[in-house]
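*Asks:* The structure that follows is given in the form of structure tokens.
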Amino acid sequence: MPFSRGELPLPAAESGRDAATVLALGGLAAWFTVTLLSQHPRREFDRIADRDRTGVVIPNWRFFAPEPAQHDYHVLYRVETAADGPSGWREASAITPRAPRQMLWFPGRRREKGLFDLCSELITVMKLHGAELTGTPAYRMLRNSVARTVRDATGTGAAPLGFQFVVARHAGHEPGHEPDFVFASPYVPYDAVDPYA
């Protein structure tokens, strides 16, 4: 069988590799499409991911939160000193203004997210009747976080006698909404807390 100059037959090994490449790329494209569809907030698309009982082949990374947060939590504290008595309220949990570099590296966001989760947990426990809040892990972690902030703010000066903190819920950037104070801690003696425990 004569061939023209540019039409040489492919060896069998090369045509097998091309078919394997096409199959692999087709499989990856199908997996990517199924993964994207299974992330959709409408639960009808979950039928696709239900076939993967381990959750390993089709990951569940929701791109859209089913119930997005509509507020921020702020933690405020005040200290009591022997000389001046109780101070004014100070912010213990300032939200860091965003910068372009934070799209790549923003470890401080984890602290903000942790604080949000602690406050959410504390509010959830508050709804349970008869729950002793001061014994919960969320309260102790929040108290220790505020104690570290107090220690850092005090520096080498005289240690305060104690402190108190409040959790305020705020609508964020929405104008016209006043913060809602959802929790006020009892007075915490400063010497009774190891902020690093």
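The values are calculated or read from the model by the stated rules, or taken from the named source; none is laboratory data. Note that this is a predicted model, so its numbers are computed, not measured. All Cβ positions, even for glycine, are placed from backbone atoms using ideal geometry, and neighbour counts span all protein chains on display.
*Asks:* Determine the pairs where a residue that is in contact (Cβ under 8 Å) with a residue 24 or more places away in the chain, located within segment 137-148, has a partner that is not hydrophobic (A, V, I, L, M, F, W, C) with Cβ atoms under 6 Å apart, the partner being 6 or more residues away or on another chain.
*Replies:* N144/P195; V146/Y77; A147/P195; R148/P195
*Asks:* Of the conditions (1) over 15 Å from S185 (Cα atoms); (2) surrounded by 11 or more Cβ atoms within 10 Å (Cβ to Cβ); (3) among the aromatic types (F, W, Y), Y77 clears all except one; give me its number.
*Replies:* (1)
*Asks:* Now, a different point. Within segment 96-116, track down each residue that is of a type in the set (D, E, K, R), assigned to a helix (DSSP H, G or I) and farther than 16 Å from V146 by Cα. Quick ask: steps written out before the conclusion?
*Replies:* Looking only at segment 96-116, we keep the residues that are of a type in the set (D, E, K, R), and these are 98, 101, 109-113.
Of the ones still in play, those that are also assigned to a helix (DSSP H, G or I) are 101, 109-113.
Residues satisfying the conditions are R101, R109, R110.
*Asks:* Under the condition of being touching a Pro at 6+ places or on another chain (Cβ under 8 Å) and small (G, A, S), which residue from segment 158-197 is nearest to P86 (Cα to Cα)?
*Replies:* Selected residue: G162.
*Asks:* If you check A99, A131, A153, A94, which single one turns out to be without any contact (Cβ under 8 Å) to a residue 24 or more places away in the chain and within 30 Å of D84 (Cβ to Cβ)?
*Replies:* The unique qualifying residue is A94.
*Asks:* Let me ask something else. Go through segment 150-173 and give me each residue that's within 25 Å of the chain's Cα centre (by Cα) and either at pLDDT below 90 or not assigned by TED's automatic domain parsing to the domain that holds E121 (or both).
*Replies:* Within segment 150-173, D152, R169, H170, A171, G172, H173 meet the criteria.
*Asks:* When segment 117-148 is examined, which residues are found to be outside any helix (DSSP H, G or I) and either surrounded by fewer than 16 Cβ atoms within 10 Å (Cβ to Cβ) or of a type outside the set (S, T, N, Q) (or both)?
*Replies:* At the first step, the residues of segment 117-148 found to be outside any helix (DSSP H, G or I) are 127-132, 136.
Of everything in segment 117-148, those that are outside any helix (DSSP H, G or I) and either surrounded by fewer than 16 Cβ atoms within 10 Å (Cβ to Cβ) or of a type outside the set (S, T, N, Q) (or both) turn out to be K127, L128, H129, G130, A131, E132.
*Asks:* Mind checking whether some residue in segment 178-190 is in contact with a helix residue (DSSP H, G or I) (Cβ under 6 Å, 6 or more places away or on another chain), surrounded by 11 or more Cβ atoms within 10 Å (Cβ to Cβ), closer than 24 Å to I95 by Cα and free of Cβ contacts under 8 Å to residues at least 24 places away in the same chain?
*Replies:* Checked segment 178-190: no residue is in contact with a helix residue (DSSP H, G or I) (Cβ under 6 Å, 6 or more places away or on another chain), surrounded by 11 or more Cβ atoms within 10 Å (Cβ to Cβ), closer than 24 Å to I95 by Cα and free of Cβ contacts under 8 Å to residues at least 24 places away in the same chain.
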